[in-house]
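The values are calculated or read from the model by the stated rules, or taken from the named source; none is laboratory data. All figures in this text were calculated on a predicted structure; none of them were measured in a lab. No Cβ is skipped: glycine too gets one built from the backbone with ideal geometry, and neighbour counts run over all protein chains shown. Accessible surface areas use protein heavy atoms only, side chains included; no ligands, DNA or RNA. Shrake-Rupley method; radii C 1.70, N 1.55, O 1.52, S 1.80 Å.
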Amino acid sequence: MSRSLCQISLVLASFCGTLNAAILTVPGDHSTIQQALNAANDLDTVRVSAGIWPENLVLANKNLVLESVSGPELTIVDGMAAGSVLRIHGSLITEACVIQGFTFTGGTGTALSVSGIPRGGVGGGIFCHDGADPVIRGNVLVENVASAPQGLGGGIFVWSCAPRIQDNRIQANSSHYGGGLFLMNSTSDVVGNLITGNTTQPSGKGGGIRILYGAPLIQNNTLVGNFAHWIGSAIAASEPGCHPTLNANLIVGNLNSNPLDFAYSAWVETSCNEMWNNQTGDIWPSSQYMHDLGGNIIADPRFCPDAYTLYSTSPALPGQHPTGADCGLIGAFGPGCGAVADVADLPGNFDLLAPAPNPFNPSTRCTIVMRQTAPARLELFDLQGRRVMTLLDGLLSRGEHSVQLEGQTLASGVYLLVLSADQERRVQKVTLLK
């Protein structure tokens, strides 16, 4: 067969495969997510409705799309402290495999030996290994633990594969090494994630991200409030052959140890990163390990009240870098507040911004933006439409207002925040996880 005929045959095969792709619904076609994953073929889509799904999922050697209908706030996969919430493996998995729109919580990781050391758990939320290269995007990984002893990757553990990890919130996870994310022998792209409030266990390193060997790209992430007992509260990279690239990340307010730790012949290329207000100081590591490609700064990023979007005059925004470097956007989020024009450009006369953190326990912050002074009422409802509490009822002046939602007396679940003003309403969903 000629080369052109072979090419036509391949195109037709791909097209026919697309035509044959199926959509499997949960709970419509299958009662559990795992049943749908088992039944699905390459190119199929497994579509999951809102709910709390107590499962430990395994996806092996299938290029499918696993997605939620209602987004991560309403679609929660709970690992029930019984292992990794999602385990992805197999060299047949490529970027055609997409995982999106879930909250993964309650995982404790998969017990096995890594580098000859028995680990209580690796990959508390997601464990990706054995050559699998999926896209993991738009998810929330919260309150997962890679169990002791010597746990690796509380939120995600990547081992000898290269998933694209994009636009996720990786929050309040814990492990011995890599509280939020552990990359081992990986060339992953880690882009646009919020990595916040993750911790290591005693003597651990890499509160936000731990990198061991490999050459991943760490770009446009916001790393805030991560904690390492030993070294590298934001990022720790080490060992010969470790050659990550750090570009345009915000590294702010990380706790207890040096925010960046590059050691043992790691070769780390850095450019256009911004550090600020880290507990032990904002000092770039020794040039012995860091190759400074330019544009790195120490400056207040000027976060908005809605958590980690940027004030209109932030040095992390394009064109406002204090050194004049062509850095574009630094961090995971663009502008979210600031100039009067921002308020005037809102549709209608007011807005209710997304609460942060979300999911939350026990409190979250709600931000109201008023275009003009007007009476306003902010209420919380359950999904049955019953009013749970009134958070605010009164006259609000033009500008931004912050309201705290305290959930100590509420049951875990999904609620609706409803802001009423000027005969209009704005609604945000919020999830309480206890």
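Data table
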read-out: Antiparallel content of DSSP bridges confined to the chain, in %, to 5; value: 30
read-out: Mean residue ellipticity (222 nm) of the chain, computed from DSSP H runs ≥ 4 via -39,500 (n - 2.57), nearest 500; value: -2000 deg cm²/dmol
read-out: Estimated dipole of the range 45-193 in Debye, rounded to 20 [Cβ of Lys and Arg +1, of Asp and Glu -1, Cα centre]; value: 140
read-out: Accessible carbon and sulfur surface of the range 103-241 relative to its total accessible area, %, 1.4 Å; value: 55
read-out: In order through the range 213-226: 3J(HN,Hα) via Karplus (6.51 cos²θ - 1.76 cosθ + 1.60), integer Hz, x for Gly, Pro; value: 6, x, 9, x, 9, 10, 9, 6, 9, 10, 10, 9, x, 7
read-out: Dipole of the chain, positive end: most advanced residue of ASN193, PRO305, VAL430 [Cβ charges, Cα centre]; value: VAL430
read-out: Solvent-accessible surface ranking, highest first, for TYR177, TYR415 at 1.4 angstrom; value: TYR177, TYR415
read-out: Trypsin sites (Lys or Arg not before Pro) within the range 52-122: DSSP coil, no more than 15 neighbouring Cβ in 10 Å; value: none
read-out: Within-12-Å neighbourhood charge of ASN56 [Cβ basis; K, R +1; D, E -1]; value: -1
read-out: √(5λ) per eigenvalue of the Cα gyration tensor, the range 201-243, largest first, Å; value: 18, 15, 5
read-out: Length-normalised contact order of the chain in % [C-alpha pairs under 8 Å, at least 6 apart]; value: 7
read-out: GNM result for the chain, Cα springs below 10 Å: residue of ALA307, ALA237, ALA162 fluctuating most strongly; value: ALA307
read-out: Percent of C-alpha pairs per 10 Å bin, the range 264-405, short to long; value: 10, 29, 28, 18, 10, 4, 0
read-out: Rounded accessible area per residue of the chain, 1.4 Å, Å²; value: 40
read-out: For the chain, built as a Gaussian network whose Cα springs stay under 10 Å, the top-fluctuating residue of ARG47, ARG210, ARG398; value: ARG398
read-out: Dipole magnitude (debye, nearest 20) for the chain, charges at Cβ of Lys, Arg, Asp, Glu; value: 520
read-out: For the chain, built as a Gaussian network whose Cα springs stay under 10 Å, the top-fluctuating residue of THR222, THR409, THR45; value: THR409
read-out: Long-range HN-HN contacts of LEU141 with modeled amide H, under 5 Å; value: PHE104, ARG169, ILE170, GLN171
